[in-house]
Amino acid sequence: MAPLLGEDPLYSVPSSIWWPAVTLVVLASVVVLRVITNHITLNGPPVFEGLPFVGGILKFLQGPMQLMKGGYQKYGEVFTVPVLHKKITFLLGPHASPHFYKASDDDMSQTEVYEFNVPTFGKGVVFDVDHKTRGEQFRFFAEALKSARLKLYVPLFVQETQDFFGKWGDSGIVDFKDVLADLIILTASRTLLGREVRENMFSQVTALLHDLDEGMKPISVLFPYLPIPAHNRRDRARAELSELFAKVIRARRADPERNAREADLLASFCQARYSPAINGGRELTEGEITGMLIAVLFAGQHTSSITSSWTGLYMIKHPDVWKEAVEEQRQVIRTHGEKLTLEALGDMPVLQRIITEALRLFPPLILLLRQCKRSFLVSTSNGHKYTIPKGHVVATSPAFQHRLPHIFERPDSFEPDRFADARAEDKAMPFSFIGFGGGRHGCMGSNFAYLQIKTIWSVLLRNFEMELLDPFPQADYSSMVVGPTACRVQYTRRPLRHRQTYIGAHGISGTRERDY
Ligand code: HEM
């Protein structure tokens, strides 16, 4: 006879035992399901996770460089790491990444992945507006950074840089990461924010920008509005900056002729108008101008000062390269005279390659991100094909890609000539060198940055000898924008001498040394 319900052995087991058992079975099924779904996306990328649920986040906590190294070693150029509720797919190398750079904003969107910037940049600009409005706002950036405007910025870079190093003594000890950050904020203030800020309210604005900067913590990426002291200070600083800039903008607009004479980004923004099809062709509001000034400052400030620092550190570490750069300065002086002009700065291929090589080895933006809105196919260098599903966060990495030996020969060594015509390693495939990103959203300030960094190093190469007092620094991956760890440099002032051929009295010619 079948046992009565109450006699079934299962029902006689006390609930304190079977509840945990049921929970365990449910949990185990969820884990198995999760492992299966992670792997069965049709032709999807391999999943680099390890322990289900926590593996991805544990790997992330080791730092992105370590994570990419592990994933690349195991799976190659394309793999997915599940982190909390997100799936991050890495495309490492130029074979797998073209779509990342070329796709439209509707297919590969920046909004979701960069919207943590909204409390800093402000409402109504860049990552807080629809794609069409953003396209227009980026047109204003492009207008303000085109060659004709850059020509106006160069004398301001030169003036600020000469004044800054003019205050250095005959010898001293500095850390580039600090001093060059100070200098870049001066040049950026003058050329981007304008004369009023630089001349009348520099220390006030710098203090507010500092609070804004300090309000951007790694936690801000996930929770930008978390009520922590750093975010509170950020919000107060943002509000004060709005008030200050609004006054400056109003004064500029009250005197359009004076505004038109000013050589700064603010002047361009004060004159800019949306196209009639977008926002009815109106001019930018004070809030939009403020937000765009902050956005451009954030895009160009740390990135430029960090790249200036690595450029100098590498030149000092490699005396042959330093010598070649000094020799180029002599040549430029012979051709263009002593004044640093747009043309003179454009005639420095050696220094240009040194900067590019420093940026290859240590790009300050180590991860570039997009949200995939429409699935797409990628191919790797060895012919594997994967479908990247809609909904994934997609990442590329200048820092990781630039060290791949099939893209750059001896990738860990400092060889500026890899960018010279004879080697042209960056030209072998599109999107090989991505220090400035590339494609649709490639850096709009790269020419501005090169001019700024070349101005700094022209002045330094012409006036100082330098020596590293500490071991060559590492990259400090704890910062959002990655720069060098501390490193002291000893500088000694020396005028640059160059041999000049002359024709003397009675046609006697010879050479003599000249000081600069
Ligand atoms: C060495 C210095 C610099 C580096 C390494 C750098 C790097 C980059 C990178 C990697 C991107 C692409 C971001 C992405 O695809 O998600 C970017 C975009 C951008 N950069 Fe730079 N940047 C530098 C200097 C500057 C400067 C000085 C300015 C302005 C004065 C600037 C303005 C911009 C703007 C407006 C964008 C956005 C372009 C777009 O989304 O269409 N950058 N930069």
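The values are calculated or read from the model by the stated rules, or taken from the named source; none is laboratory data. Keep in mind it's a predicted model, so treat the numbers as computed, not measured. All Cβ positions, glycine included, derive from the backbone under ideal geometry; neighbour counts span all protein chains shown. Surface areas here come from the heavy atoms of the whole protein model, side chains and all, with no ligands, DNA or RNA. Shrake-Rupley method; radii C 1.70, N 1.55, O 1.52, S 1.80 Å.
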Tilt relative to the chain, helix 286-317 - C-alpha long axis, 0 to 90 degrees, to 10: 70 degrees
Set of lysines with alpha-carbon distance to LYS454 below 19 Å, sequence-local pairs under 8 removed: LYS146, LYS151, LYS177, LYS317, LYS323, LYS339
For the range 459-469, Karplus couplings with θ = phi - 60° (6.51, -1.76, 1.60), whole Hz, Gly/Pro x: 5, 5, 4, 7, 10, 9, 9, 9, 8, 7, 9
The range 122-251, relative contact order [Cα under 8 Å, separation at least 6], %: 17 percent
Sites excluded, GluC sites (Glu not before Pro) in DSSP loops with at most 16 other C-beta within 10 Å, longest stretch of the chain: 1-261
Cut-off under 5 Å, modelled amide H: who pairs with PHE79 long-range: PHE90
Degrees, to the nearest 10: 229-254 long Cα axis against longest axis of the chain: 50 degrees
HN-Hα J in Hz across the range 112-125 - Karplus 6.51, -1.76, 1.60, θ = phi - 60°, x for Gly and Pro: 5, 8, 10, 6, 5, 7, 4, x, 7, 6, x, 6, x, 9
In range of the label at HIS131: residues from the range 70-112 whose backbone nitrogen is under 19 Å from the point 7 Å along Cα→Cβ: 98-112
Beta bridge orientation in the chain: antiparallel %, DSSP, nearest 5: 90 percent
GLU467 paired with ALA148, simple spin-label distance in nm, labels 7 Å along Cα-to-beta-carbon: 5.1 nm
Nearest-ten-degree value, helix 319-336 long axis tilted from longest Cα axis of the chain: 50 degrees
Accessible area, probe 1.4 Å, largest first, for residues HIS441, HIS384: HIS384, HIS441
Stokes-Einstein D for the chain, Kirkwood Rh over Cα pairs, 25 °C, 0.890 mPa s (µm²/s): 95 µm²/s
Placed amide H near GLY483: partners under 5 Å, 5+ positions off or other chain: ASP476
Options LEU468, CYS487, SER458, ranked by Cα towards positive dipole end of the range 454-493, top entry (Cβ charges): SER458
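What percentage of the solvent-accessible surface of the range 392-493, computed with a 1.4 Å probe over protein heavy atoms, is contributed by carbon and sulfur atoms?
On the way: 2120 of 4130 Å².
The nonpolar share, carbon plus sulfur, comes to 51 percent.
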Virtual spin-label span in nm between GLU343 and GLU199, 7 Å along Cα→Cβ: 2.9 nm
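Rounded, prolate or oblate for the range 276-426? Axes are the square roots of the Cα gyration tensor eigenvalues, ordered a ≥ b ≥ c, and the cut-off for rounded is a/c under 1.5. It would help to have the intermediate numbers written out before the result.
Values: a/c = 2.46, a/b = 1.23, b/c = 1.99.
It is oblate, given that a/c is not under 1.5 and a/b is not larger than b/c.
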Long-range HN-HN contacts of VAL394 with modeled amide H, under 5 Å: THR89, ARG370, GLN371, CYS372
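How far, in nm, would the chain grow between LYS390 and ALA239 when pulled straight, counting 0.36 nm per residue and subtracting the alpha carbon separation?
Details: separation 151, 0.36 × 151 = 54.36 nm, distance 3.71 nm.
Fully extending the segment from LYS390 to ALA239 adds 50.7 nm.
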Total charge dipole magnitude, the range 199-315, about the Cα centre, Cβ charges on Lys, Arg, Asp, Glu only, Debye to nearest 20: 180 debye
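Express the accessible area of the range 85-213 per residue in Å², computed with a 1.4 Å probe while the remaining protein chains stay in the model.
Details: 5120 Å² over 129 residues.
Here the per-residue accessible area is 40 Å².
Hey, got a sec? Which trypsin sites (Lys or Arg not before Pro) in the range 50-130 land in a DSSP loop and have at most 13 other Cβ atoms within 10 Å?
Working: sites: LYS59, LYS69, LYS74, LYS86, LYS87, LYS102, LYS123; in loops: LYS123.
Those satisfying the criteria are LYS123.
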Solvent-accessible ranking of ASP107, ASP211, ASP264, ASP178, largest area first, probe 1.4 Å: ASP178, ASP211, ASP107, ASP264
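To the nearest 20 debye, what is the magnitude of the charge dipole of the chain about its Cα centre, counting +1 on the Cβ of each Lys and Arg and -1 on the Cβ of each Asp and Glu?
Numbers: 59 positive and 55 negative charges, 154 e Å.
Charge dipole of the chain: 740 debye, to the nearest 20.
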